[in-house]
Amino acid sequence: MRAARALGVLLVLILAGCSAQPPSPSPSDAVTAGDSSYDHLFDQIGDDGSVSMATALQAFALAIAPLPGVTPPQGSDPPLYERMDATFAIDWLTPYLDQLTPDQQAAVAAALTPASDAVVIQPTGAPGATPNGFVPNEALAAGPGFVSDASPDQVYVDQVSAAVPVIAAKLGRGLHWPINVTLNPTQKAGADFLAYTEPELSQGRTKMTGCNVFVNPLLVAQNDFPLVQEAMAHEAFHCFQLQLEFETGHLTFYNAPTNKGKATRYGWIIEGQAQWVGEAVAGPTQDGDAWWSIYLASPERPLWRRTYDAQGFYQHLAEEGIDPWSVFDAMLETDSDQAAYLAANGSNDQFLNTWASGFVRNQSLPQAWDAQGPWFTNAHAQVVVKPVKNGDSFPLEAAPVTNADFALQSTADITELTFKGHARMYTDGVDTPAVETVDLCTNTTANACNCPAGLYYNGPYLQPS
């Protein structure tokens, strides 16, 4: 089946000279975790995007507020871009709420209760038209800036209010419920994140009546207006996601157990979408640059394990002519990683044929080998160099929804490459997508392809390398 093959993104290279030897597997590349508390936390995400209850508790205690009996993960102080949004911690913990102790449940409820003086932004009207692609900053209403006589709350309210109609226009739908913006008076002990969003619920947490956006003092302290614009657009988009998911019954863990829907909110969808949208509406920012750099440097990381760095997945959609805004809602209405991937047109041949190669980011090669985006970074994949000699035969693989890039240095007389799934090859100035089997002259004498003395080639037509 084409979809299954596309989802596997399996790349196999079989290389052989004029004689044959038994194949020997090559080592795979592992995702290397950093040393910050955030890195240690996100390293616990399963390859399918799942998180344990213990991890969810640690995430909430680290990002939102302390919880009785829970010790947050230790590590070095996370950089600012890792602390921009803490919504993921709410999503991770919500499926386990009924398993928490009464004291933990009370702490969660207190942390997620909006302030009595929260500023309410009323629902939007009918969305208007805006251009496709990235929306320039000029499309946002100018905020009062960080001046002494400006209300701190109003800065964030203005930017949420400015982002909502832009997002509504791009999605083609407005918000039905108000957004309550709370500026937390103090930073919760131990929590070092800037903002987060959760639905306002009633009727036993089965009905959404609003969207709560919380802003921590740490964001105020940054004194960075573009950062505020990006952060508030990110949080506003979470409200659009939540509304659609509740309307279509795709949030089982907020609703009754008998309702249809996902068992969790997948980070590469929820946070990846919101991260790209924040940048599309108010970027490019240093936050987006950091996450795109992480994406580009880790082609081997499974898409299901990504969170904010999945911004790069949506950027690649845009790069190949698939408007991310046009697929967001369809993805949110699915009930699995794979279904969401297909709803995003991830099985599109052009998308797949340029996905792995783009990570190389070599401007001297054709455009397919240089991923493009609005951010300023030189980040790229570490291409794995594989020597090939006469008699070698081995596979090189990319696991499902990952990518891999190899540079083959062949001293063999003839090199045969066989590809399964989607692949791309560049050799001797020729850029070849979706090849199946090709035989190359990789050792020439007097412009002729030669086997070693006493050996004879019997195979398909040979191309110069």
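Answer with yes or no whether residue 74 is at pLDDT below 90, open to solvent by 20 Å² or more (accessible area, probe 1.4 Å) and not aromatic (Phe, Trp, Tyr).
Judged against the criteria, residue 74 is a match.
For residue 287, only one of the following conditions fails: (1) over 30 Å from residue 410 (Cα atoms); (2) of a type outside the set (Lys, Arg); (3) within 16 Å of the chain's Cα centre (by Cα); (4) modelled with pLDDT of 95 or more. What is its number?
The single condition residue 287 does not satisfy is (4).
So, of the residues in region 40-71 that are open to solvent by 30 Å² or more (accessible area, probe 1.4 Å) and in a helix (DSSP H, G or I), which turns out to be nearest to residue 108 (Cα to Cα)?
Applying the filter and picking the extreme gives 58.
For region 207-223, does any single residue satisfy the condition of being outside any loop (DSSP other than H, G, I, E, B), of a type outside the set (A, V, I, L, M), out of contact with any Phe, Trp or Tyr (no Cβ under 8 Å at 6 or more places or on another chain) and open to solvent by less than 50 Å² (accessible area, probe 1.4 Å)?
Scanning region 207-223, I find at least one residue that is outside any loop (DSSP other than H, G, I, E, B), of a type outside the set (A, V, I, L, M), out of contact with any Phe, Trp or Tyr (no Cβ under 8 Å at 6 or more places or on another chain) and open to solvent by less than 50 Å² (accessible area, probe 1.4 Å), so the answer is yes.
Evaluate the following for residue 182: is it more than 17 Å from residue 280 (Cβ to Cβ), part of a loop (DSSP other than H, G, I, E, B) and either modelled with pLDDT under 90 or among the hydroxyl-bearing types (Ser, Thr, Tyr) (or both)?
no
Tell me which of these residue 426 doesn't satisfy, since it passes every other one: (1) within 25 Å of residue 365 (Cβ to Cβ); (2) at pLDDT below 80; (3) touching a strand residue (DSSP E or B) at 6+ places or on another chain (Cβ under 8 Å).
It fails just one condition, (2).
For region 195-206, which positions are small (Gly, Ala, Ser) and either in contact with a Ser or Thr (Cβ under 8 Å, 6 or more places away or on another chain) or open to solvent by less than 10 Å² (accessible area, probe 1.4 Å) (or both)?
Across region 195-206, the qualifying residues are 195, 202.
Determine, yes or no, whether residue 439 is over 27 Å from the mean Cα position of the chain (by Cα), in a strand (DSSP E or B) and under 26 Å from residue 322 (Cα atoms).
So residue 439 does not fit the description; no.
When residue 92 is evaluated against the numbered criteria (1) at pLDDT below 90; (2) part of a helix (DSSP H, G or I); (3) not acidic (Asp, Glu), which criterion, by number, is the only one it fails?
Condition not satisfied by residue 92: (1).
Considering every residue within region 275-298, establish whether at least one is touching a residue at least 40 places away in the same chain (Cβ under 8 Å), under 19 Å from residue 422 (Cα atoms) and not in a helix (DSSP H, G or I).
yes
Looking at region 433-449, is at least one residue at pLDDT 85 or above and among the acidic types (Asp, Glu)?
no
Hey, does region 17-26 have a residue that's within 30 Å of residue 170 (Cβ to Cβ) and either modelled with pLDDT under 90 or exposed (fewer than 15 other Cβ atoms within 10 Å of the Cβ) (or both)?
no
The values are calculated or read from the model by the stated rules, or taken from the named source; none is laboratory data. Note that the structure is a prediction, hence the values are computed from the model and not measured. Note that we place each Cβ from the backbone using ideal geometry, even for glycine, and neighbour counts take in every protein chain shown. We work out accessible area using only protein heavy atoms, side chains counted, and drop any ligands, DNA or RNA first. Shrake-Rupley method; radii C 1.70, N 1.55, O 1.52, S 1.80 Å.
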